[in-house]
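One structure below.
Here, each number is a calculation from the coordinates, and none is a lab measurement. Everything numeric here is computed off the predicted structure, so don't read it as measured data. All Cβ positions, glycine included, derive from the backbone under ideal geometry; neighbour counts span all protein chains shown.
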Amino acid sequence: TMNAPWSHMTGERATKIGKALIDDCNCNSSLLQDSPVLVMECMQNVDAKTISVQQWNSYSGILGFPSAPTIDG
């Protein structure tokens, strides 16, 4: 992340963005604790275009992408 500081986000922020995307795709993030499989099945049924469009609801300005590639390890 030294050469691309924009690509790093905390686990807490990633979780917040992920839950927002689930809700924006009309799946219910409040079910994650008790029924994660149900939530993932819902997300698998959302078409790619909807996910692509909805992810930008979490855009936070220039280089504040809702998701970014990160290599761990």
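The table for this structure:
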{"quantity": "Vicinal HN-Hα couplings computed from phi for segment 28-44 (Karplus, 6.51 cos²θ - 1.76 cosθ + 1.60; Hz; Gly/Pro x)", "calculated": "9, 5, 5, 8, 4, 5, 9, 9, x, 5, 4, 5, 5, 4, 4, 5, 5"}
{"quantity": "Dipole magnitude of segment 10-58, debye to nearest 20 (Cβ charges: Lys/Arg +1, Asp/Glu -1, about Cα centre)", "calculated": "180"}
{"quantity": "Rg and Dmax [Cα atoms of segment 10-58; Å; Rg one decimal, Dmax integer]", "calculated": "10.4, 28"}
